[in-house]
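A short write-up of the structure that comes next.
The values are calculated or read from the model by the stated rules, or taken from the named source; none is laboratory data. Please read all numbers here as calculations on a predicted model, not as lab measurements. Please note: Cβ atoms are built from the backbone with ideal geometry, for glycine as well, and neighbour counts cover all protein chains shown. Only protein heavy atoms, including side chains, enter the accessible area calculation; ligands, DNA and RNA are left aside. Shrake-Rupley method; radii C 1.70, N 1.55, O 1.52, S 1.80 Å.
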Amino acid sequence: SSFSMYAVTLSSALFLLEKYACAVSVAAAGVILGWPFSILVFLPVTVYSLFRGHFKRVFLSGLLTSLCLLVLSVVADYYCYGKWTSSVFNLLKYNVLGGGESHLYGTEGTTFYFRNAFNNFNFAFVLALLFVGVALSARKNYAPDLLIVVSPVYIWLAFMSLQPHKEERFLYPIYPLICVAAASVIDSFPYFFHDKYANEQSIFEKIAKGLRPLILGFILCTSHSRTFSMLNGYGAPLQIYRHLEYHEDTGPGSILCIGSEWHRYPSSFFVPSYISEVRWIDDGFRGLLPFPFNETLGGTTAAPSYFNTKNKASDKQYLKDIGACNLLMELDLRRPYPSRGNDLSTWETL
């Protein structure tokens, strides 16, 4: 998602700079190396680049880039999986033709992305949604190219809102475009008070110009508040996992167990060396979770029997003997499932 976002930013910039062949090549890299579904975000820039630029040159640039990257991708897949396959086409086939049950990891209503985008961008997101209306009203200030660049915001929001399974990161590809759209709207404020027949600026146009830094400052302050709120209100997992460094007295070969908090597990980077394994315990989740890497099965070329194409939980993914746990990571939210850490005869609260 993040790589696609970088590619969208660069491709859009190259398009505005009228470097159409480069814009299409970067779009191809964003789709093939990043996220195949992000093709919807790149579509407007790609199509218009073909018509605006030298069609043959732009087409060949995109085609050759795509073929080269696909060949590299297939070679990398063969090296990792030990057979000729394409992870790009496998991903598309799996998600488009069916097979997975992503709803196991959570579904949301159609307003999820709008609420989430407002939470992250506050009033800048509202301004971004107003871009089309402002662009039509102030058409002299807006080149058609900018409308083409910003249009994926509406396309992507509409498409992703129709999918039952939703995640915040799915919006990443359009994040920079939201900023561009909002900035354009703020910049256009004085135009609505501009009298093309007058030689001097009206008092309202001067006020509108003065409002621009104030509005931008308000958005920046609100955005910084959001950042500080995230660090202060949701930074507990990172702080807790870093706290593990101070408990080496549990001994080498310790097992860290995680129950309902599996989705807040940050990364093995935060697990100190004295912990030999991170294991899941059954707290009611019925989706497939990661397994410890097993080199004896053939490394990355293996297809372990405990994985399945439906994302459904495997009986083997949970540690049956909870007594083998040396450390337990748990958040007590009074859920229907037992909070094992409450048994102070067994556990010491750290």
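General remarks:
- Angle in degrees between helix 112-121 and the longest Cα principal axis of the chain, rounded to the nearest 10: 70 degrees
- Overall, the chain carries a charge dipole of about 1340 debye about its Cα centre when +1 sits on the Cβ of Lys and Arg and -1 on the Cβ of Asp and Glu, all other atoms neutral.
- Answer label, with semi-axes √(5λ) of the Cα gyration tensor in Å calculated from the coordinates and candidates (i) 38, 22, 18; (ii) 45, 25, 21; (iii) 46, 30, 17: (iii)
- Where no second cysteine Cβ lies under 4.7 Å, the cysteines concerned in the chain: C22, C68, C80, C179, C221
- Helix 55-81 vs. the chain, principal-axis angle (Cα, 0 to 90°, nearest 10): 0 degrees
- Just the protein heavy atoms count here, and of the accessible area of the range 247-349 at 1.4 Å, carbon and sulfur take up 53 percent.
- With the charge dipole of the range 61-180 set up from +1 on Lys and Arg Cβ and -1 on Asp and Glu Cβ about the Cα centre, the Cα lying farthest toward the positive end among the listed residues N119, L130, Y154 is that of L130.
- Rounded to the nearest 20, the Cβ-based charge dipole of the range 154-286 about its Cα centre (Lys and Arg +1, Asp and Glu -1) stands at 480 debye.
- Counted charge near E167, where neighbours are those whose Cβ lies closer than 14 Å (Asp, Glu -1; Lys, Arg +1): +1
- Ellipticity estimate at 222 nm from DSSP helix runs (n ≥ 4, -39,500 (n - 2.57)) divided over the chain, nearest 500: -15500 deg cm²/dmol
- The range 305-311 - phi-based ³J(HN,Hα) in whole Hz, Karplus 6.51/-1.76/1.60, Gly and Pro as x: 5, 7, 8, 9, 8, 9, 6
- Projecting the Cα atoms of L216, I240, G253 onto the dipole axis of the range 192-256, where Lys and Arg carry +1 and Asp and Glu carry -1 at the beta carbon, places L216 farthest toward the positive end.
- Inter-centroid distance (Cα atoms) of the range 106-173 relative to the range 29-55, Å: 18 Å
- Its Cα centre serving as origin, the range 46-148 has a Cβ charge dipole (Lys and Arg +1, Asp and Glu -1) of approximately 460 debye.
- Close Lys pairs in the range 101-234, defined as Cα atoms under 22 Å apart and 8 or more places apart or on different chains, number 5.
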